[in-house]
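Everything on this sheet refers to the single structure shown next.
Values quoted throughout were computed directly from the atomic coordinates according to the rules given, and no laboratory measurement underlies them. Here the structure is a predicted model, which means the values were calculated and not measured. For neighbour counting, all protein chains shown are included, and Cβ atoms are generated from backbone atoms with ideal geometry for every residue, glycine included.
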Amino acid sequence: MSYTGRVTSPESLGRILQQARLLNGWSQRELAARIGTTQRYIWEIESGKPSIYTERLFAVLRETGTELSATITEQSTDG
C-alpha cells in the first residue's frame with residue numbers, strides 16, 4: 001500500500017516524512033542513526049524548520065508552477 005500527498009511547503013514535507021518514519025516504526029533517534037545524523041536534525045526536518053535552501057526551493061516551485069508530491073510506500077516485512 002502507498003500514500004501520496006502534495007508537498008507545498010517545508011512543513012508539509014516534514015509531516016509526510018514524519019508519517020513515513022512512523023509507518024516504518026522508527027523513532028527520530030533510530031532514523032537519525034540509520035542515516036548518520038542527529039535526532040535534532042530529524043526533528044528540524046519534520047517540524048519544517050525554515051532554511052535558505054528550503055525557502056528558495058519552494059519559491060522556485062511556486063514561481064515555475066511546479067507541483068511536488070511524495071509517495072510513502074509501506075515496506076514489506078517479508079525477508
Exercise. To the nearest 10 degrees, how steeply does helix 10-23 sit against the main Cα axis of the chain, on a 0 to 90 scale?
Worked result: 10
Exercise. What's the local net charge at LEU68, with K and R +1, D and E -1, over the other residues with C-beta under 15 Å away?
Worked result: 0
For this session: Report, to the nearest 10°, how far helix 52-64 tilts away from the longest principal axis of the Cα atoms in the chain, using its own Cα long axis and a range of 0 to 90°.
Result: 60
For this session: Evaluate Rg over Rh across the range 2-73, taking Cα atoms for both radii and Kirkwood's formula for Rh.
Result: 1.00
Problem set entry | Candidates GLY65, GLY48, GLY25: whichever shows maximal mean-square fluctuation once the chain is modelled as a Gaussian network with Cα springs under 10 Å | GLY65
